[in-house]
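What follows is a single structure, written as structure tokens, with notes after it.
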Amino acid sequence: MPHDHADDAPPHSLLPPEPALRVKALETLLTRKGLVDPAALDEIIETYAHRIGPRNGAAVVARAWVDQGFRARLLSDATAAVAEMGFTGRQGEHMVAVENTPAQHNMVVCTLCSCYPWPLLGIPPGWYKSDAYRARAVREPRAVLAEFGVTLPEGQRVRVWDSTAEVRYLVLPMRPEGTKALDEAALAGLIHRDAMIGTALVEPPA
Amino acid sequence: MSRVHDMGGRFGDGAVMPGSENDPVFAQDWHARALAVTLAAGALGQWNLDVSRHARECLSPADYMAFSYYEKWLAALADLLVARGVVTRAELAGAAPDVSPLAERAMRAEAVAGALARGGPASRDGRAPRFAKGDSVRTRRPARNVRVAGGHTRLPGYVAGLVGTIERLHGCHVFPDANAHDQGEQPEPLYTVVFDAAEAWGAAEAPGDTVSCDLWESYLEPVA
């Protein structure tokens with residue numbers, strides 16, 4: 001049987017080598033076939049570039065800090081609790097909130113791909129998707145935390161949550177000392193993305 | 001046994017580069033386009049999430065390691081589009097395309113917000129769980145898809161053969177090992193299983209550290 005090597009090459013190798021041109025080629029092809037509406041692509045990009053991001057998660061955490069009833073609902077059924085605040089959808093269908101305590105620090109990874117709670121934190125940062133984080137977070141979380149400038153107090157255990165199914169995790173960080181006077185909005189301003197992944201702590205206001 | 005994506009615990013990757021929280025969501029414009037094209041193509045309904053994950057995992061190790069994140073998405077998308085007959089190799093290579101019979105399914109701009117806000121839950125009705133919170137279980141070893149050689153599985157290699165404890169029950173979820181291979185959803189009970197880090201790695205960074213995975217029932221067997 002004649003053997004044509006070109007036919008064995010994976011289809012993706014037929015696209016242009018330069019990534020930006022590769023996307024353009026695919027988008028153009030799918031648009032010409034009627035399969036993709038470029039305006040829909042713009043809408044998807046606008047959603048994740050500007051509308052959905054870590055401010056959502058920060059609002060959830062701040063609410064949990066000031067409202068004990070909400071905190072209890074968040075810890076028992078996070079999907080329903082965050083839906084109360086309007087946060088639902090793709091890559092957040094099954095949410096679990098994990099609470100940091102003096103006894104346990106929580107940290108989230110996806111070793112097999114890049115699973116991440118999009119409705120609450122948006123699109124994952126590059127480091128979360130990096131081989132280094134995926135490979136090392138499970139084996140040496142404390143060494144990875146040190147690279148983020150985080151050292152945990154002696155006696156605090158680490159739990160790493162590997163997101164191997166469709167459950168998505170939000171870390172509920174500890175509320176820092178000296179924030180009693182702050183309202184929910186001011187508290188939300190203290191809460192940054194990495195603290196909700198578990199690679200940072202929430203710092204008190206300067 | 002495993003594929004290149006199953007990298008939990010691997011040595012040699014160097015430091016994590018945290019970057020800044022002010023970094024743009026998409027480092028390059030084409031990253032945003034790659035994400036959007038992938039989501040829009042997925043909405044055509046010609047494959048499911050497990051199929052698309054498996055397509056990325058099936059990139060050759062050389063391609064997987066050479067490609068940046070969104071390059072993996074694009075390559076897997078191109079491979080899937082051809083495998084499912086949505087586009088032809090000739091079209092990918094630049095031949096004039098025909099309008100697709102699937103065109104009426106294309107996601108329109110006004111449908112995007114609703115589709116993203118709805119998502120696609122993986123929970124299903126199904127059988128009662130075999131295990132209860134606190135039960136000891138042992139994971140399958142080696143980590144593999146028992147239905148399809150080299151097939152998709154969500155049991156990471158680093159926990160294969162370990163004894164862990166059932167910590168949380170999630171009800172039944174679509175079973176990726178079947179769903180990735182067009183064998184239907186075959187939902188199974190899903191559990192959070194927690195492992196002692198010392199058990200997984202030989203030595204933990206600190207006593208009491210743990211790692212958990214979300215695992216389907218057929219990955220697990222009881223430990224007396």
- Condition set away from every other protein chain (no Cβ under 14 Å) and either within 16 Å of residue B:175 (Cα to Cα) or of a type in the set (A, V, I, L, M, F, W, C) (or both), scope the range B:131-140, selection surrounded by the fewest Cβ atoms within 10 Å (Cβ to Cβ): answer is B:132
- Test: residue in the range A:62-73 that is closer than 21 Å to residue B:123 by Cβ, out of contact with any Phe, Trp or Tyr (no Cβ under 6 Å at 6 or more places or on another chain), in the same structural domain as residue A:185 (by TED's automatic domain parsing) and not basic (Lys, Arg): no
- Message: So in the range B:204-224, with the set limited to residues that are farther than 19 Å from residue A:162 by Cβ and in a loop (DSSP other than H, G, I, E, B), which one is most open to solvent (accessible area, probe 1.4 Å)?
- Response: B:224
- Just give me the residues in the range B:1-36 being of a type in the set (Val, Ile, Thr), open to solvent by less than 60 Å² (accessible area, probe 1.4 Å) and facing chain A (nearest Cβ under 7 Å), in sequence order. B:16
- For residues that are aromatic (Phe, Trp, Tyr), within 16 Å of residue B:140 (Cα to Cα) and in contact (Cβ under 8 Å) with a residue 40 or more places away in the chain, tally how many sit in the range B:188-213. 1
- Could you please give the count of residues in the range B:71-84 that are open to solvent by less than 40 Å² (accessible area, probe 1.4 Å), of a type outside the set (A, V, I, L, M) and more than 7 Å from every other protein chain (Cβ to nearest Cβ)? 2
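The rows are residues; the columns are (1) in contact with a helix residue (DSSP H, G or I) (Cβ under 6 Å, 6 or more places away or on another chain); (2) assigned to a loop (DSSP other than H, G, I, E, B).
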| residue | (1), (2) |
| --- | --- |
| B:133 | no, yes |
| B:138 | no, no |
| B:148 | no, yes |
| B:170 | no, no |
| B:189 | yes, no |
- Note on the structure: Note on residue A:63: of the conditions (1) within 9 Å of another protein chain (Cβ to nearest Cβ); (2) touching a helix residue (DSSP H, G or I) at 6+ places or on another chain (Cβ under 6 Å); (3) of a type in the set (Lys, Arg), unmet is (1)
- Task: Give the number of residues within the range A:107-120 that are among the aliphatic types (A, V, I, L, M) and either open to solvent by 10 Å² or more (accessible area, probe 1.4 Å) or closer than 14 Å to residue B:26 by Cα (or both).
- Result: 0
- Of the residues that make up the range A:84-92, is at least one away from chain B (no Cβ under 12 Å) and under 19 Å from the mean Cα position of the chain (by Cα)? yes
- If you scan the range B:172-187, which residues turn out to be touching a residue at least 40 places away in the same chain (Cβ under 8 Å) and assigned to a loop (DSSP other than H, G, I, E, B)? B:174, B:175, B:180, B:181, B:182, B:185, B:187
- Message: Six or more apart or on different chains, Cβ atoms under 6 Å: show the pairs whose first residue is in the range A:38-67 and assigned to a helix (DSSP H, G or I) and whose second is charged (D, E, K, R) and open to solvent by less than 50 Å² (accessible area, probe 1.4 Å).
- Response: A:54/A:193
- Considering residues of the range B:153-168 that are of a type outside the set (A, V, I, L, M, F, W, C) and in contact with a helix residue (DSSP H, G or I) (Cβ under 7 Å, 6 or more places away or on another chain) only, the residue surrounded by the most Cβ atoms within 10 Å (Cβ to Cβ): B:153
- What's the number of the condition residue B:40 fails, among (1) assigned to a loop (DSSP other than H, G, I, E, B); (2) within 7 Å of chain A (Cβ to nearest Cβ); (3) in contact (Cβ under 8 Å) with a residue 60 or more places away in the chain? (1)
- Looking at the range B:94-127, which of its residues are under 19 Å from residue A:16 (Cα atoms) and either modelled with pLDDT under 95 or more than 7 Å from every other protein chain (Cβ to nearest Cβ) (or both)? B:94, B:95, B:96
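The values are calculated or read from the model by the stated rules, or taken from the named source; none is laboratory data. Just so we're clear, the structure is a prediction, and the values are computed from it rather than from any experiment. Every residue, glycine as well, gets a Cβ built from its backbone with ideal geometry; the counts of neighbours run over all protein chains shown. Surface areas here come from the heavy atoms of the whole protein model, side chains and all, with no ligands, DNA or RNA. Shrake-Rupley method; radii C 1.70, N 1.55, O 1.52, S 1.80 Å.
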